[in-house]
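Below is one structure, written out as structure tokens; comments come after it.
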Amino acid sequence: MMQLISSAIKEALGGIKANKEAYLITIGITAISMTIFGIFLIAYYNMEVIVNKWREKFQFVVYLQDNISKKHMKNLKSHFSTIEGIDRYIYVSKDEALKKFKKRLNQNQTILDNLDVNPLPASFEIKFKRKYRQYNNIKSIAGEVIKFKGIESIEFGEGWLERIETILFFLKFIVWVVGSLICVGVIFIVSNTIKLSLYARKSEIEIMQLVGATDRFIKGPFLLEGILQGFFGAILSLVILYVFYVMFIENLQTLSFFIGSQSFSFIPLPIIACIILFGSLIGCVGSYISLKKFLNN
């Protein structure tokens, strides 16, 4: 078994050496294609991280009417306890709401000193469990809670949350579309490169078939050639992506108005491993397609 693998590796390296110009071009095109895919992937990954961090702090506020009865308050608390998506709720009295507002105003809080009446309503600040922090779930819970008596209004940044999730959805869609197109394109490129190698060694392959070599034995080196093309294309694309990433971060840090560049990160190791595996796999598929057509002729 080890001898067969060793032989396949030697044959593959020999084929690459014999057609190195074509292979280098294929690796370069693969790298550029996967770099384009990687840019969208990094953008989506970082946006998802930012949105998830924001969701951890997310809450919606249930503003209460000033004349809410003790009975309605008790019913409301009881209902909060029965809703599966609610993690915890905190009651904020009118006085506490005014203190928080003054704290936000900081040095300008003196403008509230002459108020005769506290204009701020009492409220409940509601936090959600992780899997319920999506727009549709929160809107559904808000629609259920607003029906109770004694509630003035509910605030949870509905429009902003909906827009963020829509952007995230379309970015994810773009990643899948670009990834699919690149996958097809790279398979086609690798397939044609392997085809050139097959035709250059047509006589050698025919002799191997005449002496009884199996299709598996013949396919091995060519499949390995395709895998190596995809593998090196993926590695090169990651190097290019990292260089662009470092340059991008350095440029962001020079902009005085930019906040949070430290949180913008490169794709993690598990995704890097998947990209390398993805490149190797599409290289193998492209090679397999050429081999299947060639050996069936």
Q. Inside the range 41-86, can you point out the residues that are among the β-branched types (Val, Ile, Thr) and touching a helix residue (DSSP H, G or I) at 6+ places or on another chain (Cβ under 9 Å)?
A. Ile42, Val49, Ile50, Val51, Val62, Ile68, Ile83, Ile86
Q.
Can you tell me how many residues within the range 37-88 are of a type in the set (D, E, K, R), open to solvent by 60 Å² or more (accessible area, probe 1.4 Å) and modelled with pLDDT under 80?
A. 3
Q. Residues Ala97, Ala31, Ala12: which one is modelled with pLDDT under 80 and either in contact with a helix residue (DSSP H, G or I) (Cβ under 8 Å, 6 or more places away or on another chain) or among the polar types (S, T, N, Q) (or both)?
A. Ala12
Q. In the range 102-129, how many residues are open to solvent by 50 Å² or more (accessible area, probe 1.4 Å) and either touching a Leu at 6+ places or on another chain (Cβ under 6 Å) or at pLDDT below 80 (or both)?
A. 15
Q) Inside the range 155-264, counting only helices (runs of 4 or more DSSP H) that do not spill past its ends, which hold 3 or more residues that are modelled with pLDDT of 80 or more and open to solvent by 90 Å² or more (accessible area, probe 1.4 Å)? A) 158-200, 215-253
(Q) Residues that are over 35 Å from the mean Cα position of the chain (by Cα), at pLDDT below 80 and open to solvent by less than 70 Å² (accessible area, probe 1.4 Å): does the range 17-26 have at least one? (A) yes
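The values are calculated or read from the model by the stated rules, or taken from the named source; none is laboratory data. Keep in mind the model is a prediction, meaning the values are calculated, not measured. Don't worry about glycine lacking a Cβ; one is built from the backbone with ideal geometry, like all the others, and counts go over all protein chains shown. Surface areas here come from the heavy atoms of the whole protein model, side chains and all, with no ligands, DNA or RNA. Shrake-Rupley method; radii C 1.70, N 1.55, O 1.52, S 1.80 Å.
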